[in-house]
Structures are given as structure tokens and as C-alpha cells.
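Notes follow the structure.
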Amino acid sequence: MRIQQLTYLETIVKTGSINEAAKRLYLTQPSLSSAIKDLEQEMGIQILLRSKLGVTLTNDGREFMVYARQVLDQVRLLEGRYAKQPLRKQAFSVSAQHYAFVVHAFVDLLKTVQADEYHFTLRETETRNILSDLTSFKSELGILYLNSFNRQVMQKLFREQDLVFTPLFTAKPHVFVGRQNPLTQKKVVTLADLTAYPYLSYEQGDNHSFYFSEEILSTLDRQKTIQVSDRATIFNLMVGLNGYTISSGIISSQLNDDKIVAIPLAVDDAMTLGWLKHRQIELSPLAQAYLTMLKAHIRGYGFTIIGDAPSH
């Protein structure tokens, strides 16, 4: 096994394509494929699954990459110390459902970075993509919710994909509507109150399952439904069409949410929001710092972090 082979493999995993990796590495595709096959033969495992759509890591490959990245990180540290080569630029990625506190913490983290170069990624994405981003190591952290409806299915998926869920806080469901919506006259709304209004939800792709929905009560039959892909659009439709969605109740005026109102929803349910990571990954200092900032924002909205000692 050579360090060069690990570097080749890392590039293939990042690009998801042997052809694209070969271009970046200035190699021919056959020579790159041969180098990886030699590595697989030497290690006695299949590292990559190859298809017409590209390449993905096998289960053995994912585990191998955990150790490979540790080796590459140590090599780059040595190069930075003794070969006078610059250290790898700081990198961090988080994949999440659409929550304001996720964005706030991400901004705060970036403000602390003093490096001249960095590569940070925030993916507000479909629920299924959060899991795949973690298992493919595209993201270090994932943020999503569990409730009584999706918990059993999601936890089964977590176990199958070697992911660990840590709860952050529990929120009661709220309805988000525009400030001009007649529902703002109510202190609490019922499901019956919502019947006449368009229901807004985040799309979950072609393989949609109700268990992946970002909104609770997703299986209810509704007369008017609109699916969107981003938070700005969903807020515009709340204002422009008197639409509504169901979420945690956290509204952020800093993110232009001042035209939106959160109203408690009279249902016997709760959302447990938390973070995910791959079991085999130890959190980087950046990920740990991000979680600290995330918890600070959550507390700032008046929620108690699960596991916090009670105040006296």
C-alpha cells in the first residue's frame, strides 16, 4: 500500500467518478483504475462499487476510508512541518433539514475561522440526502428531527448505516404563517382551522417516503398542497398565498423571517431535534465548535438542551 494510492482513492470518493478523478490527478482512467484495483487486492477487500452512474464506497470501503483519512491527515501534518508545504485548508460540512438555528451556528463558526483558505459547506437538503452525505463522508454532521411517527423507521436506518443520533432539544409543533394570515388572531390553532389554507412542505425527491418528511402529520389528506425546495420560497408562499407549514416554532428575524408568525398547533405530538454522525468518525475540532454554537443558539430561543443540568 502506498500513500499515493490513498490520495487517489480520496479523490475518487470526493468526485464520485474515476473519470473525473483521473482528470484532476492528471492520470489516465485505466492507470487510476489499476492503482485502486491493486490496493483492493492487497487489502483483500472491495473498496469501491462501480456502476454506469459512478462509484460509491462499499461498507468495507467506508471503514477503510476512515483509517485512510487519518493516515493522509498525518502525512499532511508532516509535510507542513518538515517539507514547508502548507497544511490542508480547513474544511467542514453539515447537512440539515431547513432550520434557522443551523444557519446561525454555521455563520458564527465561519466568523471564528482565521485561516486564509477554507472550504465550508452547508447543505439544506432532503432528509434521505442527509443520511447519504454522512455515509459517504461528504458531511461530518447531520441535523434532523424524530417524532413518534418516524422514530422507529429512522432509527432502524441509523443502525443499518452505522449512524449515531444525539438529541438536542424537544419542541412542540407550531404552524408557520404570514403575519397577514387570519390565523394569527388565534393563540392556538387546530387541524380543522387549517383546512382552507394551502399546505406547504419541503419536497423529498423521487424516492419520497412520509417517514422522510420534514413536517409532522405528513400523512394527513389535505385539499391544497404545495411542495418547495428552499426556505426562502416557502416563506414567500406563506406571505403571498396565506399558506402554512408545520415546524419547531423557531423564527429568526435575522434571516428575514420577520414576516412570519409561529402559532402553537393543538396536537399530541413533539419533535426531538438532534444531530447525526457516522459511528466510526471522531468529531473534528470544527464540528465540536459548531455543536457548541448550535446549542448556544437553541438556548437563546428558550429551549433546554437535553442533558443540561437544571438551573437553580
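The values are calculated or read from the model by the stated rules, or taken from the named source; none is laboratory data. All of these numbers come straight from a predicted model, not from anything done at the bench. Note that we place each Cβ from the backbone using ideal geometry, even for glycine, and neighbour counts take in every protein chain shown. Ligands, DNA and RNA are stripped out before the accessible areas are found, and what is left, the full protein with its side chains, is counted by its heavy atoms. Shrake-Rupley method; radii C 1.70, N 1.55, O 1.52, S 1.80 Å.
Structure summary
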| read-out | value |
| --- | --- |
| The stretch 164-198, residues that are over 24 Å from the mean Cα position of the chain (by Cα), more than 17 Å from Asn236 (Cα to Cα) and open to solvent by 50 Å² or more (accessible area, probe 1.4 Å) | Gln185, Lys186, Lys187, Val188, Thr190, Leu191, Ala192, Thr195, Ala196 |
| Subset of the stretch 64-78 (residues that are among the aliphatic types (A, V, I, L, M) and within 24 Å of the chain's Cα centre (by Cα)) | Met65, Val66, Ala68 |
| Per-region count, the stretch 1-27, residues open to solvent by less than 80 Å² (accessible area, probe 1.4 Å) and either outside any helix (DSSP H, G or I) or acidic (Asp, Glu) (or both) | 5 |
| Sole residue being modelled with pLDDT under 90 and either in contact with an Asp or Glu (Cβ under 6 Å, 6 or more places away or on another chain) or open to solvent by 70 Å² or more (accessible area, probe 1.4 Å) (or both), chosen from Ser201, Ser209 | Ser201 |
| Evaluation of Gln185 against (1) in contact with a His (Cβ under 7 Å, 6 or more places away or on another chain); (2) without any contact (Cβ under 8 Å) to a residue 24 or more places away in the chain (one fails), failing number | (1) |
| Filtered residue count, the stretch 282-312, keeping only those that are crowded, with 18+ Cβ neighbours inside 10 Å and over 18 Å from Val113 (Cα atoms) | 4 |
| Some residue of the stretch 248-263 being surrounded by fewer than 20 Cβ atoms within 10 Å (Cβ to Cβ), charged (D, E, K, R) and under 22 Å from Leu131 (Cα atoms) | no |
| Residues being among the aliphatic types (A, V, I, L, M) and farther than 23 Å from Arg76 by Cβ - total across the stretch 19-47 | 1 |
| Leu157 vs. criteria modelled with pLDDT of 90 or more and in contact with a helix residue (DSSP H, G or I) (Cβ under 9 Å, 6 or more places away or on another chain) | yes |
| Any hit, the stretch 176-189, residues being in a strand (DSSP E or B) and under 23 Å from Lys295 (Cα atoms) | yes |
| Matching residues in the stretch 39-73 - criterion: being part of a helix (DSSP H, G or I), under 20 Å from Ala22 (Cβ atoms), out of contact with any helix residue (DSSP H, G or I) (no Cβ under 7 Å at 6 or more places or on another chain) and open to solvent by less than 80 Å² (accessible area, probe 1.4 Å) | Glu40, Gly61 |
| Neighbours by Cβ (under 9 Å, 6+ apart or cross-chain): first from the stretch 58-80, under 13 Å from Glu40 (Cα atoms) and at pLDDT 90 or above; second part of a helix (DSSP H, G or I) and open to solvent by 50 Å² or more (accessible area, probe 1.4 Å) | Asp60/Met43; Phe64/Met43 |
| Residue identified as at negative phi and either within 21 Å of the chain's Cα centre (by Cα) or open to solvent by less than 10 Å² (accessible area, probe 1.4 Å) (or both) among Val228, Val267 | Val228 |
| Positions within the stretch 161-200 being of a type in the set (D, E, K, R) and at negative phi, in sequence order | Lys172, Arg179, Lys186, Lys187, Asp193 |
| Filter result for Thr135 (modelled with pLDDT of 90 or more, open to solvent by 10 Å² or more (accessible area, probe 1.4 Å) and farther than 20 Å from Leu168 by Cα) | no |
| The one condition in (1) charged (D, E, K, R); (2) at pLDDT below 85; (3) within 16 Å of the chain's Cα centre (by Cα) that Glu117 fails to fulfil | (3) |
